[in-house]
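Below you'll find the structure, written out as structure tokens, and then a few comments.
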Ligand SMILES: *[C@@H]1O[C@H](CO)[C@@H](O)[C@H](O)[C@H]1NC(C)=O
């Protein structure tokens, strides 16, 4: 009796805490603003492009962060056209071009950490192609410009958030860093999609751009 109770309690506990991998509520495409990511000079080994670039595509659950979902996974280095496209849209800023394309450290890490969490729907190639397709759905830099937001100045959170939302329809997640004390700057923009990537989805908010006492966010 005691033993079977223990077993069922055990079972419930395990069931409640173990993530059901491959099962996710939404995916977030995280786009980096290179000028901020690469600050200060010397942090990056590539010339930062003057446009958003992919950081990653992160399948997640509303109440639980999904990461490293498969112990057994294989990442096969990309070659040819897809490698060149990734180098353009998903540039590995911290590595020089030769090392980056040979070892593909950022792509491999992102696949291991996030791509494995949606491998039930997207294999390695499909995952990377999807990230690039979603990036090209929106021209965030152009959208910001259309709304009077150009690099070199500070803008309110509402203004940047609102501008992005005009094209995504759903809340983006703005991510800020403070490279210079007292100056909050826009580092990344996350835009979210349903698991089949067909529809926009509301991104959970990380609130890193809404710190008290800051009136403006620098768009470097
Ligand atoms: C920036 O990237 C977007 C999305 O990939 C693209 O549509 C746009 O043309 C690019 N803008 C510039 C100035 O390169």
Checklist outcome for this item: For the stretch 56-67 the number of residues that are more than 16 Å from the ligand (Cβ to nearest atom) and at pLDDT 95 or above is 6
Checklist entry - Does residue 175 qualify as being within 29 Å of residue 104 (Cβ to Cβ), at pLDDT 95 or above and away from the ligand (no atom under 16 Å from the Cβ)? => result yes
Item to check | Selection within the stretch 185-211 - modelled with pLDDT of 95 or more, in contact with a helix residue (DSSP H, G or I) (Cβ under 7 Å, 6 or more places away or on another chain) and farther than 19 Å from residue 129 by Cα | outcome: 185, 186, 187, 189, 209
Checklist entry - Is it fair to say residue 70 is away from the ligand (no atom under 16 Å from the Cβ) and either loosely packed, with under 15 Cβ neighbours inside 10 Å or within 20 Å of the chain's Cα centre (by Cα) (or both)? => result yes
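Give the stretch 74-107 a look and list any residue that's outside any loop (DSSP other than H, G, I, E, B), closer than 18 Å to residue 130 by Cα and touching a residue at least 12 places away in the same chain (Cβ under 8 Å), or say none.
So in the stretch 74-107, the residues outside any loop (DSSP other than H, G, I, E, B) come out as 80-89, 97-103, 105-107.
Within this subset, residues satisfying the condition of being closer than 18 Å to residue 130 by Cα are 80-89, 106-107.
Those that are outside any loop (DSSP other than H, G, I, E, B), closer than 18 Å to residue 130 by Cα and touching a residue at least 12 places away in the same chain (Cβ under 8 Å): 82, 83, 85, 86, 87, 89, 106, 107.
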Item to check | Matching residues, the stretch 36-55, being touching a strand residue (DSSP E or B) at 6+ places or on another chain (Cβ under 6 Å), near the ligand (Cβ under 9 Å from one of its atoms) and assigned to a loop (DSSP other than H, G, I, E, B) | outcome: 52
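This table checks each residue for (1) without any contact (Cβ under 8 Å) to a residue 24 or more places away in the chain; (2) crowded, with 19+ Cβ neighbours inside 10 Å; (3) in a loop (DSSP other than H, G, I, E, B).
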| position | (1), (2), (3) |
| --- | --- |
| 116 | no, yes, no |
| 128 | no, yes, no |
| 167 | no, no, no |
| 214 | no, no, yes |
Checklist entry - What about residue 180, is it more than 16 Å from the ligand (Cβ to nearest atom), surrounded by fewer than 15 Cβ atoms within 10 Å (Cβ to Cβ) and at pLDDT 95 or above? => result yes
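Against the definition (away from the ligand (no atom under 16 Å from the Cβ), at pLDDT 95 or above and surrounded by fewer than 13 Cβ atoms within 10 Å (Cβ to Cβ)), how does residue 102 come out, yes or no? Before the answer, list the steps.
On the way: away from the ligand (no atom under 16 Å from the Cβ): yes; at pLDDT 95 or above: yes; surrounded by fewer than 13 Cβ atoms within 10 Å (Cβ to Cβ): yes.
Yes; evaluated as a whole, the condition is true for this residue.
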Checklist entry - Which members of the stretch 133-166 meet the condition of being near the ligand (Cβ under 10 Å from one of its atoms) and more than 18 Å from residue 201 (Cα to Cα)? => result 141, 142, 143, 145
Item to check | Subset of the stretch 169-181 (residues that are in contact (Cβ under 8 Å) with a residue 12 or more places away in the chain and in a loop (DSSP other than H, G, I, E, B)) | outcome: 169, 170, 171, 172
Item to check | Among (1) more than 16 Å from the ligand (Cβ to nearest atom); (2) surrounded by 15 or more Cβ atoms within 10 Å (Cβ to Cβ); (3) under 15 Å from residue 191 (Cβ atoms), the one test that residue 94 misses | outcome: (3)
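The values are calculated or read from the model by the stated rules, or taken from the named source; none is laboratory data. Since this is a predicted model, take the numbers as computed values, not measurements. Every residue, glycine as well, gets a Cβ built from its backbone with ideal geometry; the counts of neighbours run over all protein chains shown.
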